[in-house]
Amino acid sequence: MIEPRPLAPELVRLLNSANRIAEHGGTTETGIEHLLLAMLLNADELPVDELRKHNLELGQVFTRIAEHAARR
């Protein structure tokens, strides 16, 4: 078993953001889709440049993931 490691402050902020998104969406669980949405909302802090390199519009990606999360 792997020993727990401390979480970086940036990750804690991201997880808290994902929890708020899940709560706002009315779900009782925070899922990967909420983490992705939090990453997109905090794009200035996170390395999402790879998405931009592939000409992905972050707003459109956010909308599609939010629609998926709403169906779950």
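Could you look through the range 16-43, keep only residues that are charged (D, E, K, R) and part of a helix (DSSP H, G or I), and pick out the one that is nearest to the chain's Cα centre (by Cα)? Out of the qualifying residues, it is 33. Across the range 44-61, the qualifying residues are those that are modelled with pLDDT of 80 or more and surrounded by fewer than 11 Cβ atoms within 10 Å (Cβ to Cβ), and the one among them that is farthest from the chain's Cα centre (by Cα) is 55.
The values are calculated or read from the model by the stated rules, or taken from the named source; none is laboratory data. Worth saying up front: this structure is predicted, and the values here are computed from it rather than measured. Cβ coordinates were reconstructed from backbone atoms using ideal geometry, including for glycine residues, and neighbour counts include every protein chain displayed.
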